[in-house]
Ligand code: HEM
């Protein structure tokens with residue numbers, strides 16, 4: 001019998017097996033991509049409320065403001081009826097909620113990474129404390145409006161670098177947005193199958209396609225970017241994704257690749273938007289974001305640069321401000 005709350009290697013990977021099993025019971029690619037993506041998003045929404053300069057820094061504490069619009073959709077992953085929640089209740093209740101969320105996300109990342117190459121066990125630490133009230137946490141979460149949101153969360157409050165922010169946003173390669181949750185509908189990757197693979201596809205999509213502005217919703221008014229034929233399942237990028245490479249403050253409304261045409265000479269950009277989005281010039285601090293994108297794209301199909309940057313950024317984000325964390329042990 002293991003010590004309550006203790007996490008050893010067996011237990012850590014047992015959670016991986018359980019999540020793999022839950023995923024295998026999901027009937028469609030669309031739902032499975034949301035299951036994977038939703039688990040990673042859940043952990044991210046817990047750590048993105050960290051503010052190093054506030055008397056109550058928050059961060060990973062298992063506390064989400066469930067009533068806030070910023071968190072809409074997370075309850076389809078975590079509430080008393082969901083398989084993940086039930087798994088926790090039945091087998092892992094002695095582990096704190098934030099520790100469990102990180103392990104669950106680590107499991108998704110390992111299971112969905114190419115050749116199961118991104119194992120985050122060596123950089124996993126446990127012992128996070130959980131809380132049930134975190135008033136004001138949702139006001140620290142980023143909206144999808146512009147790059148200042150990205151800077152506010154990752155650089156100003158979480159104390160990270162652009163390369164970390166860009167690596168973390170690469171997680172948008174998993175899962176989808178839903179019109180009933182955030183109002184931004186579609187996937188960053190071209191298919192629901194690809195939205196279940198944790199790889200550098202997000203960056204390839206970001207720089208490789210003509211993204212044109214789209215009105216995502218009228219009420220509330222939301223704008224994002226889309227590409228191609230959207231009849232059955234839209235593809236999307238948020239302003240906070242596009243702005244890692246393109247200077248929207250300077251050139252919006254614009255299309256990201258006015259140089260791409262189809263076989264009959266028609267531009268890939270939506271014909272309403274024929275202005276080219278500009279890129280950041282040397283000296284602009286956001287150029288660091290673009291350089292990070294280029295770095296993660298390096299090496300053909302090899303994901304090493306992205307994986308190693310993600311490992312570091314994820315470690316920082318999931319341990320930010322926390323002391324007394326412990327490495328998992330061989331045996332409890
Ligand atoms: C500027 C920061 C961010 C913004 C503005 C943002 C915004 C969004 C939005 C609007 C959605 C769609 C939600 C829905 O409709 O269900 C979403 C989904 C998602 N986000 Fe983010 N996000 C950010 C950062 C992150 C980070 C740091 C991670 C993880 C490291 C992450 C992982 C995901 C994943 C995996 C999904 C898909 C969820 C699903 O399939 O249900 N996001 N994000």
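Somewhere in the range 261-284, is a residue more than 25 Å from residue 208 (Cβ to Cβ) and out of contact with any strand residue (DSSP E or B) (no Cβ under 6 Å at 6 or more places or on another chain)? Before the answer, list the steps.
Of all residues in the range 261-284, those more than 25 Å from residue 208 (Cβ to Cβ) come to 283.
Restricting the remaining residues to those that are out of contact with any strand residue (DSSP E or B) (no Cβ under 6 Å at 6 or more places or on another chain) gives 283.
Yes, the range 261-284 contains at least one residue that is more than 25 Å from residue 208 (Cβ to Cβ) and out of contact with any strand residue (DSSP E or B) (no Cβ under 6 Å at 6 or more places or on another chain).
All but one of (1) under 22 Å from residue 324 (Cβ atoms); (2) surrounded by fewer than 16 Cβ atoms within 10 Å (Cβ to Cβ); (3) more than 16 Å from the ligand (Cβ to nearest atom) hold for residue 126, so report the exception by its number.
Looking at each condition in turn, residue 126 falls short on (2).
(1) within 12 Å of the ligand (Cβ to nearest atom); (2) crowded, with 21+ Cβ neighbours inside 10 Å; (3) under 24 Å from residue 33 (Cα atoms): which one isn't true of residue 225, the others all being true?
The single condition residue 225 does not satisfy is (1).
Mind checking which residues of the range 55-64 are within 16 Å of the ligand (Cβ to nearest atom) and either surrounded by fewer than 14 Cβ atoms within 10 Å (Cβ to Cβ) or over 23 Å from residue 185 (Cβ atoms) (or both)? Before you say what the answer is, go through the steps one by one.
Just the residues of the range 55-64 that are within 16 Å of the ligand (Cβ to nearest atom), to begin with: 58-60, 64.
Across the range 55-64, the qualifying residues are 58, 59, 60.
What is the residue count in the range 191-218 for residues that are in contact with a strand residue (DSSP E or B) (Cβ under 6 Å, 6 or more places away or on another chain) and under 24 Å from residue 35 (Cβ atoms)?
Summing the residues that are in contact with a strand residue (DSSP E or B) (Cβ under 6 Å, 6 or more places away or on another chain) and under 24 Å from residue 35 (Cβ atoms) in the range 191-218 gives 3.
Quick one: which residue in 222, 244 is in contact with a helix residue (DSSP H, G or I) (Cβ under 6 Å, 6 or more places away or on another chain) and at pLDDT 95 or above? Don't jump to the end; show me each part of the working.
On the way: 222 fails: in contact with a helix residue (DSSP H, G or I) (Cβ under 6 Å, 6 or more places away or on another chain).
After ruling out the rest, the residue left standing is 244.
What helices (runs of 4 or more DSSP H) lie completely within the range 147-216 and have 2 or more residues being within 9 Å of the ligand (Cβ to nearest atom)?
147-150, 162-169
Pick from the range 44-54 the residues that are within 16 Å of the ligand (Cβ to nearest atom) and more than 23 Å from residue 15 (Cα to Cα): which of them is surrounded by the most Cβ atoms within 10 Å (Cβ to Cβ)?
Looking at residues that are within 16 Å of the ligand (Cβ to nearest atom) and more than 23 Å from residue 15 (Cα to Cα), I get 49.
So that you can scan it fast, the table gives a plain yes or no per residue for (1) under 21 Å from residue 151 (Cα atoms); (2) touching a residue at least 12 places away in the same chain (Cβ under 8 Å); (3) more than 16 Å from the chain's Cα centre (by Cα):
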{"site": "49", "(1), (2), (3)": "yes, yes, no"}
{"site": "57", "(1), (2), (3)": "yes, yes, yes"}
{"site": "61", "(1), (2), (3)": "no, yes, yes"}
{"site": "65", "(1), (2), (3)": "no, yes, yes"}
{"site": "70", "(1), (2), (3)": "yes, yes, no"}
{"site": "73", "(1), (2), (3)": "no, yes, no"}
{"site": "76", "(1), (2), (3)": "no, yes, yes"}
{"site": "80", "(1), (2), (3)": "no, no, yes"}
{"site": "85", "(1), (2), (3)": "no, no, yes"}
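Restricting the search to the range 68-101, which residues are more than 16 Å from the ligand (Cβ to nearest atom) and either closer than 19 Å to residue 323 by Cβ or part of a loop (DSSP other than H, G, I, E, B) (or both)?
Once the filter is applied, which keeps residues that are more than 16 Å from the ligand (Cβ to nearest atom) and either closer than 19 Å to residue 323 by Cβ or part of a loop (DSSP other than H, G, I, E, B) (or both), the range 68-101 yields 80, 81, 92, 93, 94, 95, 96, 97, 99.
Name the residues in the range 217-235 that are in contact (Cβ under 8 Å) with a residue 24 or more places away in the chain and part of a loop (DSSP other than H, G, I, E, B), would you?
Selection gives 220, 227, 228, 230, 233, 234.
Scan (1) in a helix (DSSP H, G or I); (2) within 18 Å of the chain's Cα centre (by Cα); (3) touching a residue at least 12 places away in the same chain (Cβ under 8 Å) for the single condition residue 31 breaks and write down its number.
(3)
Read through the list (1) surrounded by 22 or more Cβ atoms within 10 Å (Cβ to Cβ); (2) in contact with a strand residue (DSSP E or B) (Cβ under 7 Å, 6 or more places away or on another chain), then give the number of the only condition that residue 8 fails.
Evaluating residue 8 over (1) surrounded by 22 or more Cβ atoms within 10 Å (Cβ to Cβ); (2) in contact with a strand residue (DSSP E or B) (Cβ under 7 Å, 6 or more places away or on another chain) leaves (1) as the failure.
With the requirement that a residue be closer than 15 Å to residue 59 by Cβ, out of contact with any strand residue (DSSP E or B) (no Cβ under 8 Å at 6 or more places or on another chain) and not in a loop (DSSP other than H, G, I, E, B), what does the range 106-138 give you?
Across the range 106-138, the qualifying residues are 137, 138.
Hey, residue 158 hits all of (1) surrounded by 17 or more Cβ atoms within 10 Å (Cβ to Cβ); (2) in contact with a helix residue (DSSP H, G or I) (Cβ under 6 Å, 6 or more places away or on another chain); (3) under 18 Å from residue 317 (Cα atoms) but one; which does it fall short on?
(2)
Consider the range 185-222. How many of its residues are more than 21 Å from residue 107 (Cβ to Cβ) and surrounded by fewer than 23 Cβ atoms within 10 Å (Cβ to Cβ)?
19
The values are calculated or read from the model by the stated rules, or taken from the named source; none is laboratory data. Everything numeric here is computed off the predicted structure, so don't read it as measured data. We place every Cβ from the backbone using ideal geometry, glycine too, and count neighbours over all the protein chains shown.
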